[in-house]
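**Q** Next up is a structure, given as structure tokens.
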Amino acid sequence: MTQGLAGADRARIWSVSALVQAVGDTLSARFATFVVRGELSGFTRAASGHAYFTLKDEHGQATLRCAMFRRAFASVGFQPGDGMLVEIRGQLAVYEARGELQVVVEGMRQAGAGALYEQFLRLKARLEAQGLFDAGRKRGLPRFPRRVAVVTSPAAAAWRDVMTALARRAPHVEVVLIPTPVQGAEAPAQIVQALAELALAHRTGLAFDAAILCRGGGSLEDLWAFNDERVVRAVVGCPVPLVCGVGHETDVSLADLAADLRAPTPTAAAELVAMDRDTALQAQDRLFQRLEHRVRQRLDGLNQGLDQVAMRLARPAQVLSGLERRQALMAQRLTQARDQRLREARVDAGVLQARLQAATKGQWPAQRQRIDGLAGRLHALDPKRVLERGYAWLSDPLGQPLTSVTQVHPDDLVQGVLADGVLQMRVTQVPTTTGRKRRGTPKP
């Protein structure tokens, strides 16, 4: 292997660790403690308390891996997160296990939000103003779905997590994968296309009860496809309730905000969509027990009523005897009421009779006196009394009274009524008067 090497090259042959260490020493000597500004990405905090992240150029042209040990991180006065623009103080070093350049961070201060994060906030504010994140337009999930669509990459761990969770919790639920890339420049358009395919399938016969849009965790750049406005509007337009589970619990995308329900992880999305089978069976058992108890109560009540009716039908003579006693009692009451009414009527009649007699006795003398007065007046007006004094009453043959000589003519018949009879007379002479009117009296 050394035949092609020059003699000078063979003078010093480095081991890998020695070379890496020498590079590290050179960097430490060349670059003392320095301050660099960049945007946080892929920030994680280990269980040990150490923090690891990538510091990238604001324009995305270069990146630096960084490590900040627990003691140094304890002095940071804010909670770092992806997209933040920070200034870090540290030293360059080489991570010998991988031969990678990294910055050992000794201090960190916030310099403002990163460009990508600022873009996220601006788009969020605009879409929120348009009502895409309103809680009022979001739909609830069905309790017992039969078919669920999963929109994700078939190569992603998220797809395996969703399948595992659904198979464990609800193996009866049919799961349909709608594949799509979930990272990269072309991912937004392809996610929109996948959601369009879901809507088409749903409207043409392959009905879904719910849908899951998911992918695993990553940096803000890795999850940026789910902050694309096209994806957000496609999520809002999904025809079935959609759960979005993108990234880890601390990762929040615009698609999460637009979905009907947000899940912290893909596994949690599967758990939200489908109720655990054991839990559902337990709930079903409780419902069956309550239903059985209610049915038994109802049957017991009906049986008691049936027993009472049967007891009455088994003794018809007793029923008839009861009806006869009731009839006799009603007849007795009717007779008593009639007799009581008759007694009251007799008492009332006696009282009225006494009042009538008293009223009659009181009115009789006055009425007798009045009758006598009227009889005297009538007797005084009797025409016969006048005739008895020598007067006569003349009338024509028809009985019409004659009160004027103008009513008769010579040879007319006239009746003269005296007190004791009627005379038939003939007119022999009538005094001449102006304007006499001859009456049509027949001659004998």
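**Q** Criterion first (among the polar types (S, T, N, Q), exposed (fewer than 14 other Cβ atoms within 10 Å of the Cβ) and over 26 Å from Leu92 (Cβ atoms)) does Gln119 satisfy it? Walk me through it before giving the result.
**A** Values: among the polar types (S, T, N, Q): yes; exposed (fewer than 14 other Cβ atoms within 10 Å of the Cβ): no; over 26 Å from Leu92 (Cβ atoms): yes.
It is false that Gln119 is among the polar types (S, T, N, Q), exposed (fewer than 14 other Cβ atoms within 10 Å of the Cβ) and over 26 Å from Leu92 (Cβ atoms).
**Q** I'm trying to understand the selection: among the residues of segment 116-157, which are among the aliphatic types (A, V, I, L, M) and either part of a loop (DSSP other than H, G, I, E, B) or more than 24 Å from Ile212 (Cβ to Cβ) (or both)?
**A** The first filter runs over segment 116-157 and keeps only residues among the aliphatic types (A, V, I, L, M), leaving 116, 121, 123, 125, 127, 129, 132, 135, 141, 148-151, 155-157.
Matches in segment 116-157: Leu116, Leu121, Ala125, Ala129, Leu132, Leu141, Ala155, Ala156.
**Q** Which residues, taken from segment 142-157, are surrounded by fewer than 18 Cβ atoms within 10 Å (Cβ to Cβ) and in contact with a Phe, Trp or Tyr (Cβ under 7 Å, 6 or more places away or on another chain)? Lay out the reasoning, then the answer.
**A** Here is the first cut: in segment 142-157, the residues surrounded by fewer than 18 Cβ atoms within 10 Å (Cβ to Cβ) are 142-144, 146-147, 154-155, 157.
Answer for segment 142-157, where residues must be surrounded by fewer than 18 Cβ atoms within 10 Å (Cβ to Cβ) and in contact with a Phe, Trp or Tyr (Cβ under 7 Å, 6 or more places away or on another chain): just Arg147.
**Q** Residues of segment 346-370 being among the hydrophobic types (A, V, I, L, M, F, W, C) and surrounded by 10 or more Cβ atoms within 10 Å (Cβ to Cβ), which ones? Give the steps one after another, and end with the answer.
**A** Taking segment 346-370 and keeping what is among the hydrophobic types (A, V, I, L, M, F, W, C), we get 347, 349, 351-352, 354, 356, 358-359, 364, 366.
Hits for segment 346-370 are Val347, Ala349, Val351, Leu352, Ala354, Leu356, Ala358, Ala359, Trp364.
**Q** Evaluate segment 78-86: report whether one residue or more is in contact with a Gly (Cβ under 8 Å, 6 or more places away or on another chain), on the phi > 0 side of the Ramachandran plot and assigned to a loop (DSSP other than H, G, I, E, B). Spell out how you get there, then give the answer.
**A** Going through segment 78-86, the residues in contact with a Gly (Cβ under 8 Å, 6 or more places away or on another chain) turn out to be 82-86.
If we keep only those that are on the phi > 0 side of the Ramachandran plot as well, we get 83.
Narrowing the set further to residues that are assigned to a loop (DSSP other than H, G, I, E, B) leaves 83.
Yes: one or more hits.
**Q** Follow-up question, since we're still on this one. Run Gln79 past the list (1) at pLDDT 90 or above; (2) within 20 Å of Thr250 (Cα to Cα) and report the number of the one that doesn't hold.
**A** Status for Gln79: all satisfied but (1).
**Q** Have a look at Val162, Val252 and point out the one that is closer than 16 Å to Ala268 by Cα and free of Cβ contacts under 8 Å to residues at least 60 places away in the same chain. Break it down into steps so the answer makes sense when it comes.
**A** Values: Val162 fails: free of Cβ contacts under 8 Å to residues at least 60 places away in the same chain.
Testing whether each residue is closer than 16 Å to Ala268 by Cα and free of Cβ contacts under 8 Å to residues at least 60 places away in the same chain leaves just Val252.
**Q** Here is a follow-up. In segment 228-249, which residues are over 19 Å from Arg147 (Cβ atoms), in contact (Cβ under 8 Å) with a residue 60 or more places away in the chain and either buried (at least 24 other Cβ atoms within 10 Å of the Cβ) or among the small types (Gly, Ala, Ser) (or both)?
**A** Scanning segment 228-249 gives a single hit, Val232.
To keep it simple, each residue is scored yes or no on (1) under 30 Å from Gly81 (Cβ atoms); (2) not aliphatic (A, V, I, L, M).
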{"position": "Ala234", "(1), (2)": "yes, no"}
{"position": "Val243", "(1), (2)": "yes, no"}
{"position": "Gly247", "(1), (2)": "yes, yes"}
{"position": "Gln304", "(1), (2)": "no, yes"}
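**Q** Please verify whether segment 185-192 includes one or more residues that are farther than 21 Å from Val162 by Cα, within 33 Å of the chain's Cα centre (by Cα) and modelled with pLDDT under 90.
**A** No, there is no match, as no residue in segment 185-192 is farther than 21 Å from Val162 by Cα, within 33 Å of the chain's Cα centre (by Cα) and modelled with pLDDT under 90.
**Q** If only one of Ala51, Ala67, Ala46 is surrounded by 12 or more Cβ atoms within 10 Å (Cβ to Cβ) and under 55 Å from the mean Cα position of the chain (by Cα), which one is it? I'd like the intermediate steps shown before the answer.
**A** Numbers: Ala67 fails: under 55 Å from the mean Cα position of the chain (by Cα); Ala46 fails: surrounded by 12 or more Cβ atoms within 10 Å (Cβ to Cβ).
From the options Ala51, Ala67, Ala46, the qualifying one is Ala51.
**Q** Hey, Gly131 hits all of (1) touching a Cys at 6+ places or on another chain (Cβ under 9 Å); (2) of a type in the set (Gly, Ala, Ser); (3) closer than 18 Å to Val231 by Cα but one; which does it fall short on?
**A** Looking at each condition in turn, Gly131 falls short on (1).
**Q** Right, next: Out of Gly184, Gly217, which single residue is of a type outside the set (D, E, K, R), under 21 Å from Ala268 (Cβ atoms) and outside any helix (DSSP H, G or I)?
**A** On the way: Gly184 fails: under 21 Å from Ala268 (Cβ atoms).
The conditions single out Gly217.
**Q** Could I ask something else about it? Of the numbered conditions (1) surrounded by fewer than 18 Cβ atoms within 10 Å (Cβ to Cβ); (2) closer than 25 Å to Val240 by Cβ, Gln110 satisfies every one except a single condition; which is it?
**A** It fails just one condition, (2).
The values are calculated or read from the model by the stated rules, or taken from the named source; none is laboratory data. Treat the numbers as computed from the prediction; the structure is a model and nothing was measured. Every residue, glycine as well, gets a Cβ built from its backbone with ideal geometry; the counts of neighbours run over all protein chains shown.
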